[in-house]
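Novice: Here it is, the structure in full.
The values are calculated or read from the model by the stated rules, or taken from the named source; none is laboratory data. Computed from a predicted structure; not experimentally measured. Virtual Cβ from ideal backbone geometry, glycine too; neighbours counted across all protein chains shown.
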Amino acid sequence: MKRKVSVVTGGAGFIGGHLVDKLVDLGHEVRVIDNYSAESNDNFHHNPRAEYNNLDICDYSKILPVFNEADYVFHLAALARIMICMTQPQLAGKTNYIGTLNVLEASRISQVKRVMYSSTSSAYGLKNSIPLKEDMPTDCLNPYSVTKVAAEGLCKMYNDLWNLETVTFRYFNVYGERQPTRGQYAPVIGLFQKQKEAGIPMTVVGDGLQTRDYTHVSDVVNANTSAAFTTNKDAVGEIINVGTGKNSSVLDIVNLIGGEYEFIPERPGEARDTLADISKLRQLLDCEPKVELNKWISYE
């Protein structure tokens, strides 16, 4: 029987690397597209059983051959940090919007069965109250969320106009093994762990009482593979939150890790609280988050 072929954009990065490992373990032929540009990654992940293509999703003619005879596409490549997108808004638009358009068109031309698109919980902004549901209005406050949400519209368009099956995910604060730790805008758990290892105080933004729904990378991978293989057509064309349905404050994280910390000024435009409503994740994909934050940090 012919092996399934999966294309993973951003497959050398944090989430993408874990997804590549899972797909390889499932017996897929995995083709990675990555341009190795993520500034917050300390190192890029390579699985020796996957094929790696050092390409930019903005270069359509170069990436198109990678999609030949592909069954599934997992699109994670992006300019993926809010503050980086604030300093380079044109690159954010090019990568997150035009790049996604290229991935979708290559998928359509290549008759891919289904595309899984990684979007962001930043779509909900500041105006929505928790828990955050997929049918709430978007409130995009920066070039990152604007471009990622605009690309959600592209996925819906390709799904509705050309019957290219798409599933869009909005991730909530992903953490886990091999998480990014470089730079002042790295995700908070990895940043705190690196600061503690270096013997310097953990830097808490604002009062530290802001809360986030922290989601382990393995639960994100599980959502992606479940969406790819599900026979439930109700999931196709949908936007689905990937979180835990529980949140923790930044000071909770500090206390779980343990050690000295200091407060730094809060950053404008950041939500006070996030918490995912994961009803659709459960109902459409039969996914249940498995990793608990406090147990993972204790184990680490």
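Novice: Conditions first: (1) at pLDDT 95 or above; (2) touching a helix residue (DSSP H, G or I) at 6+ places or on another chain (Cβ under 8 Å); (3) under 25 Å from residue 13 (Cα atoms). Residue 139 passes all but one, so which condition is the exception?
Specialist: So residue 139 meets the others, but not (3).
Novice: Which ones in the stretch 10-31 are in contact with a helix residue (DSSP H, G or I) (Cβ under 6 Å, 6 or more places away or on another chain) and either closer than 19 Å to residue 69 by Cα or among the basic types (Lys, Arg) (or both)?
Specialist: Those that are in contact with a helix residue (DSSP H, G or I) (Cβ under 6 Å, 6 or more places away or on another chain) and either closer than 19 Å to residue 69 by Cα or among the basic types (Lys, Arg) (or both): 11, 22, 30, 31.
Novice: Cβ-Cβ under 9 Å, sequence separation 6+ or interchain: first residue in the stretch 210-224 and closer than 18 Å to residue 298 by Cβ, partner assigned to a strand (DSSP E or B) and among the aliphatic types (A, V, I, L, M). Which pairs?
Specialist: From residues that are closer than 18 Å to residue 298 by Cβ, the pairs are 214/174; 215/174; 215/242; 215/276; 216/174; 217/174; 219/174; 219/242.
Novice: Out of all the residues in the stretch 74-85, is one or more in a helix (DSSP H, G or I), at pLDDT below 95 and more than 23 Å from residue 248 (Cα to Cα)?
Specialist: Residues of the stretch 74-85 in a helix (DSSP H, G or I): 82-85.
Going one step further and asking which of them are at pLDDT below 95, we end up with 82-85.
If we keep only those that are more than 23 Å from residue 248 (Cα to Cα) too, we end up with 84-85.
There is at least one residue in the stretch 74-85 that is in a helix (DSSP H, G or I), at pLDDT below 95 and more than 23 Å from residue 248 (Cα to Cα).
Novice: In addition: Can you tell me which of (1) in contact with a Leu (Cβ under 9 Å, 6 or more places away or on another chain); (2) of a type outside the set (S, T, N, Q); (3) in a loop (DSSP other than H, G, I, E, B) is the one residue 221 doesn't meet?
Specialist: Here residue 221 clears every test but (3).
Novice: Which one is nearest to the chain's Cα centre (by Cα), of the residues in the stretch 239-250 that are in a loop (DSSP other than H, G, I, E, B) and crowded, with 20+ Cβ neighbours inside 10 Å?
Specialist: Taking the candidates together, the pick is 243.
Novice: Here's something else I'd like to know. I'd like to check something: does the stretch 98-115 contain any residue that is within 23 Å of residue 244 (Cα to Cα), in contact (Cβ under 8 Å) with a residue 12 or more places away in the chain, over 16 Å from the mean Cα position of the chain (by Cα) and surrounded by 16 or more Cβ atoms within 10 Å (Cβ to Cβ)?
Specialist: No.
Novice: Kindly list, by first and then second residue, each pair from a residue in the stretch 125-141 that is aromatic (Phe, Trp, Tyr) to a residue that is modelled with pLDDT of 95 or more and in a loop (DSSP other than H, G, I, E, B), limited to pairs with Cβ atoms under 7 Å and residues at least 6 apart or on different chains.
Specialist: If the second residue must be modelled with pLDDT of 95 or more and in a loop (DSSP other than H, G, I, E, B), no pairs are left.
Novice: Restricting attention to the stretch 282-292, which residues are buried (at least 19 other Cβ atoms within 10 Å of the Cβ) and either assigned by TED's automatic domain parsing to the domain that holds residue 256 or closer than 11 Å to residue 222 by Cα (or both)? Write out each step before concluding.
Specialist: The first filter runs over the stretch 282-292 and keeps only residues buried (at least 19 other Cβ atoms within 10 Å of the Cβ), leaving 284-285, 287, 289.
Within the stretch 282-292, 285, 287, 289 qualify.
Novice: From the list 64, 79, which residue is within 24 Å of residue 160 (Cβ to Cβ) and of a type in the set (A, V, I, L, M)?
Specialist: On the way: 79 fails: within 24 Å of residue 160 (Cβ to Cβ).
Answer to the check: 64.
Residue-wise test of (1) surrounded by 16 or more Cβ atoms within 10 Å (Cβ to Cβ); (2) β-branched (Val, Ile, Thr).
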{"position": "172", "(1), (2)": "yes, no"}
{"position": "177", "(1), (2)": "no, no"}
{"position": "180", "(1), (2)": "yes, no"}
{"position": "187", "(1), (2)": "yes, no"}
{"position": "204", "(1), (2)": "yes, yes"}
{"position": "214", "(1), (2)": "yes, no"}
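Novice: Something else about it: Regarding residue 235, is this residue aliphatic (A, V, I, L, M), in contact with a helix residue (DSSP H, G or I) (Cβ under 9 Å, 6 or more places away or on another chain) and in the same structural domain as residue 107 (by TED's automatic domain parsing)?
Specialist: Details: aliphatic (A, V, I, L, M): yes; in contact with a helix residue (DSSP H, G or I) (Cβ under 9 Å, 6 or more places away or on another chain): yes; in the same structural domain as residue 107 (by TED's automatic domain parsing): yes.
It is true that residue 235 is aliphatic (A, V, I, L, M), in contact with a helix residue (DSSP H, G or I) (Cβ under 9 Å, 6 or more places away or on another chain) and in the same structural domain as residue 107 (by TED's automatic domain parsing).
Novice: To continue, here is another question. If we keep just the residues of the stretch 15-50 that are under 18 Å from residue 112 (Cα atoms) and part of a strand (DSSP E or B), which is farthest from the chain's Cα centre (by Cα)?
Specialist: 29
Novice: Related question: Output the residue which, of all residues in the stretch 130-182 that are in a loop (DSSP other than H, G, I, E, B), in contact with a strand residue (DSSP E or B) (Cβ under 9 Å, 6 or more places away or on another chain) and of a type in the set (A, V, I, L, M, F, W, C), is farthest from residue 75 (Cα to Cα).
Specialist: Out of the qualifying residues, it is 130.
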